Amino acid sequence: SSLTASTCHASMQHADGATRRPPRAPRWWYVAPIFLAVVLIAIEAMTDLDRNVTRYFLDPETRAFPLRHDFVLEVVMHRWAKWAVIAVAALVVAGVVFTYVRPAWKAWRRILVFVLLSMALGPLSVTAGKWVSNRHCPWDIDEFGGFAPYTRLLEPLPEGVEAGRCFPAGHSSTGYAL
């Protein structure tokens, strides 16, 4: 069977044949994430929760992070997951191209472009965040055997210390892409 525009946009078509705008998202969908971000930033600014959690992953004898080079975390969850997302994005790009080749798929073009943009904007926002943030990786912090002094999220680095590029975490962009 062929795909038509009416198939893809059926949720907007009503029984009486009238086309109506889709319902708006509830206000709490906007308010809750902003509120949560403010609360988490306040917790980070007023407590040592981030360093306390980090200490659980540090081997105090070697002053190293045993899971830093773990196969599952580094290869499977970092590299393979990234390549899986790239493969899915390539399939979506192929789908967009296919909508120009196969007229019956034209109705899917807008959705596929939306998916492609969504998959690209998540990782791009993480990359932009890394350039704005000055946070170092935990193993770079002097308290944990590194070279950089600890600073809070919105605190400037001391003079002469080069900015780190570990926040937001790069592997989170894989999740945002999906």
(request) Considering Cα pairs under 8 angstrom that are at least six residues apart, work out the relative contact order of the stretch 81-154 and quote it in whole percent. (result) 17
(message) Give me the percent relative contact order of the stretch 112-178, please, defined on Cα pairs under 8 angstrom at least 6 residues apart.
(response) 45
(message) What is the distance in Å between the Cα centroid of the stretch 21-77 and that of the stretch 148-173?
(response) 14
(request) Could you work out the local net charge near Pro168, counting Lys and Arg as +1, Asp and Glu as -1, over the other residues with Cβ closer than 11 Å to its Cβ? (result) +3
(request) Averaging sequence separations of C-alpha pairs under 8 Å and six or more residues apart, then dividing by the length of the chain, give the relative contact order as a whole percent. (result) 22
(message) In Å², and per residue, what accessible area does the chain have when probed at 1.4 Å with the other protein chains present?
(response) 74
(request) Please go through the stretch 69-178 and write out the chymotrypsin sites (Phe, Trp or Tyr not before Pro) that DSSP classes as loop and that have at most 12 other C-beta atoms within 10 Å. (result) Phe147
(request) Please list the helices of the chain that count as membrane-span-like by this rule: a mean Kyte-Doolittle hydropathy of at least 0.5 together with Cα atoms stretching 20 Å or more along the helix axis, each helix being a complete DSSP H run. (result) 28-46, 81-101, 109-132
(message) At R0 = 35 Å, how high is the FRET efficiency between Leu121 and Arg68 if r is their beta carbon distance? Nearest 0.05 is fine.
(response) 0.75
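The values are calculated or read from the model by the stated rules, or taken from the named source; none is laboratory data. Since this is a predicted model, take the numbers as computed values, not measurements. A quick note on method: Cβ atoms are made from the backbone with ideal geometry, for glycine too, and the neighbour counts reach across all protein chains shown. SASA here: full protein model, heavy atoms, side chains in, ligands and nucleic acids out. Shrake-Rupley method; radii C 1.70, N 1.55, O 1.52, S 1.80 Å.
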